[in-house]
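Just so it is clear, none of the values below were taken in a lab; they were calculated from the coordinates. Predicted, not measured: the structure shown is a model, and the values here were computed from it. Note that we place each Cβ from the backbone using ideal geometry, even for glycine, and neighbour counts take in every protein chain shown.
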Amino acid sequence: MEKKPREIIVSGKEIDGLIPQRPPMVMVDAFYGFDGDKSLTGLTIEADNLFCQTGQLQEPGIIEHIAQSAAVRVGYLYTQRHEPIPLGFIGSIDQLTIHALPAVDKVLATEISVVQEVGDITLIAARVCSAGQLIAEGRMKIFLKKE
């Protein structure tokens, strides 16, 4: 994993246009696009991150980062099609393993793969790495509420 396309496609305030969260809840700061059937995102962990304690990003922050990484993927796809971005809700989290809590100033590199799509429900698999170390992996079912 951690092989990212050469450049960031969306970053900074542009990320806000792809997800419903707003600062200080934004947990993705870079979208690198697609590598085959996988989408790639990143997050530089800042000391003032809501989910940091004792200099480390805690489990809820990693989970929120995964969910927002999936949301950025959907937001980008819908934006490219000039369609309204649907609101997504986590239906379930399965097979989640958090191997390590990354420290402040580390950069997360996250890979989201679609395992299955049925109607408005998408099952994604996620892998989160930092500096070559696997931080977390798991699956989420996400329900999209389309207008």
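Quick notes on this one:
- This model, with +1 at the C-beta of Lys and Arg and -1 at the C-beta of Asp and Glu, gives the chain a dipole about its Cα centre of some 200 debye.
- The eigenvalues of the Cα gyration tensor, multiplied by 5 and square-rooted, give region 10-145 an equivalent ellipsoid with semi-axes of 23, 17, 13 Å from largest to smallest.
- The long axis of helix 59-80 is offset from the longest Cα principal axis of the chain by roughly 40 degrees.
- Estimated inter-spin distance, L50 and A103, nm [label 7 Å along Cα→Cβ]: 2.6 nm
- Taking a point 7 Å out from the Cα of Q133 in the direction of its Cβ, the residues of region 69-102 whose backbone N falls within less than 18 Å of it are 97-102.
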